[in-house]
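Accompanying notes for the structure given below.
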Amino acid sequence: MRSRFFTFISLLISFLLGGLLVYLLLMETPLFQKGVYNYVNNGVVSCDDEVTIDETGISLSVGKVYDSVVMIENIQGTTLDSTGSGFIYKKDDQYGYIMTNQHVVAGASSIVVVMSNNEEVEGRVLGSDPYLDLAVVRIPVDAVYAVATLGNSDGTNLGDTVFTVGAPLGYEYRGSITRGTMSGKNRLVTVDVSTTADYVMKVLQVDAAVNRGNSGGPLCNINGEVIGVISLKLVDDDIEGMGFAIPIEDAMTYVDSLEKGEAIERPLMGVTMANVSDTYLLLQNGITLDENISSGVVVISVSGGAEMAGLQKGDVIVKMNDEVVPNAAYLKYFLFKHAPGDVVTVTYYRDGAEHQTDITLTKSEN
């Protein structure tokens, strides 16, 4: 019994001495210091500055753009066919001007624009373009409550916080905010339409949630400035968080023409074409390829500049200037970087041999 008593006293004294030692150490070293402790001996570089993430910044930024965002109803006949989003990018004495996607307004017999305060006004499509996937809609200026501030996607870095405002799934969820990260820039994404009608878009990649109905809405930076127009997302069971937006500076390049209802002027090379992989189409046209050719664009017929440059049926185009051409979608993407009157150098194969020729581009009538 005496042995247990002395053991207890010894433990108690040790505990009190240990507590006193810790107290004295804490008196010399504050428990909570600004910055990060130095662990130089372990190879860890210290940071003496306090890092603070202000979560109110997002809500303030959302407030800057929120009332400029609208929902767009695509009416075909007397039926609501689909809904999308858009944003007011400018106004004048008579009208407000809304940027949205071409596929949001495609086929509409009338357009209804739902404002942030739930007011509904009739919109008029001034112009649209399927390759850009952009459209401009006009509304009366009296309905305009706010105009978005436009930024520039070039000033946004990978990893920066971005957010969207839109109407996913329609009226019930209009004005929804999703937040994410700038995941990639200058992505080239093939939009599947039908074989040679496919085209390539240069877009921004984000992981903010993008759903049906978000199309045409703004992608914004942390300052609440519009840096992109939401356009599409990858959909697959194995894919999450891959949405894409058209850079706002690219969109604004064409806005004057869209406002005037003018067709976007594009160059014409003078070929009808098929992908190397379009075996059935090639057989229909009596074209047999060298087995060593696995990518490129096959010439089906020629006219205009291509005919004058000496291209023939069955030639396989593999490069335009220094750009490798894997398929028809990329050929159109590289072609549309140019203007009528430009001269491009085309590399192609004929009878197993590589050739080059210069083609003067003409103006497309369509």
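Throughout, read-outs are computed from the coordinates displayed, never taken from laboratory work. As the structure is a computational prediction, the values presented were derived from the model and not from experiment. Every residue, glycine as well, gets a Cβ built from its backbone with ideal geometry; the counts of neighbours run over all protein chains shown.
Worth pointing out:
- Sorted by Cβ density within 10 Å, fewest first, the residues 336, 87, 244, 163: 336, 163, 244, 87
- Ranking of 69, 112, 343, 210 by count of other Cβ atoms within 10 Å, fewest first: 343, 112, 210, 69
- Peptides 121-129, 178-186, 285-293 ranked from most to least packed give 121-129, 178-186, 285-293, packing being the mean of other C-beta atoms within 10 angstrom over each peptide's residues.
- Rounded to the nearest whole Hz, the Karplus-based 3J(HN,Hα) values (6.51 cos²θ - 1.76 cosθ + 1.60, θ = phi - 60°) of region 121-131 follow the sequence 9, 7, x, 10, 6, 7, x, 7, 8, x, 6, with x at glycine and proline.
- Estimated from the Cβ-Cβ distance and a Förster radius of 51 angstrom, the FRET efficiency linking residue 281 and residue 172 is about 0.70.
- Cα-only Debye scattering, region 206-316: base-10 log of I(q)/I(0) at q = 0.18, 0.23 Å⁻¹: -0.91, -1.09
- Computed E for residue 152/residue 356 - FRET, C-beta separation, R0 30 angstrom, nearest 0.05: 0.20
- Residue 249-residue 60 pseudo-label distance in nm [points 7 Å out on the Cα-to-Cβ vector]: 2.6 nm
- Remark: C-alpha extents of region 267-363 on the principal axes read 34, 23, 23 Å, sorted largest to smallest.
- The gain in end-to-end length when the residue 94 to residue 110 segment is fully stretched comes to 3.8 nm, 0.36 nm per residue minus the alpha carbon separation.
- Our summary gives region 225-366 a relative contact order of 22 percent, counting only alpha carbon pairs under 8 angstrom and 6 or more residues apart.
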